[in-house]
Amino acid sequence: MKKTLRETSQDSNNRVSGAKPLTHFMRGQIMTHDAIRKAHFERLNSYRNSTEYAEYANAIGADIPQGELPSLIGNRWEIDEQIYDEFLGMLPPLAWQGGSFYMCEFTFADITAKFTKEGDKFYCEFAHYPRHTARAQNNGEGRSL
């Protein structure tokens, strides 16, 4: 029986890593760790095409992205435990509590990546870091940094 390209790719990924295919789905397809990791980094690097970045760019006098832009905030995506652990160990986490933490390296302004564990599921999303925003407001700046 001839295998599909997806099955062949999964087999070769599993032989290299020794892992079983993960049960993450994107557009109805099972994704391997490598595919999940690639999609995760694409999401992390897409922040410049957002309404929040357009507002930030305008405020600092940088080139403003054009067109209809999606919001970064409120859109989380599923990752796997390996990616969660990788980012937890990468830099000191901020506000690590109850399985959630923020990256200490900010994407821009008060926005950073937030990682969450809920049961056996793991997620990432862009979020306003609440303490950074509160500090700016307490300093009388009136807006997030």
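The values are calculated or read from the model by the stated rules, or taken from the named source; none is laboratory data. Because the structure is predicted, anything quoted here is derived from the model rather than measured. Cβ coordinates were reconstructed from backbone atoms using ideal geometry, including for glycine residues, and neighbour counts include every protein chain displayed.
For first residues located in region 37-58 and within 17 Å of Asp110 (Cα to Cα), partners that are hydroxyl-bearing (Ser, Thr, Tyr) and assigned to a helix (DSSP H, G or I) and lie 6+ apart or on another chain with Cβ distances below 8 Å form the pairs Tyr47/Tyr53. Checked against (1) within 20 Å of the chain's Cα centre (by Cα); (2) loosely packed, with under 13 Cβ neighbours inside 10 Å; (3) in a helix (DSSP H, G or I), Tyr53 passes all but condition (2).
Considered as a group, the residues in region 105-116 that are farther than 12 Å from His128 by Cα and not β-branched (Val, Ile, Thr) include one that is modelled with the lowest pLDDT, and that residue is Glu105.
Phe122 meets all of the listed conditions (1) under 13 Å from the mean Cα position of the chain (by Cα); (2) surrounded by 13 or more Cβ atoms within 10 Å (Cβ to Cβ); (3) at pLDDT below 95 but one, namely (3). Of the residues making up region 65-83, those that are free of Cβ contacts under 8 Å to residues at least 40 places away in the same chain and either surrounded by 13 or more Cβ atoms within 10 Å (Cβ to Cβ) or at positive phi (or both) number 3. Only residues that are in a loop (DSSP other than H, G, I, E, B) and not aromatic (Phe, Trp, Tyr) were counted in region 29-50, giving 6. Here region 84-107 is the region considered, the condition is being touching a Lys or Arg at 6+ places or on another chain (Cβ under 9 Å) and touching a residue at least 24 places away in the same chain (Cβ under 8 Å), and the residue that is surrounded by the fewest Cβ atoms within 10 Å (Cβ to Cβ) is Ala95.
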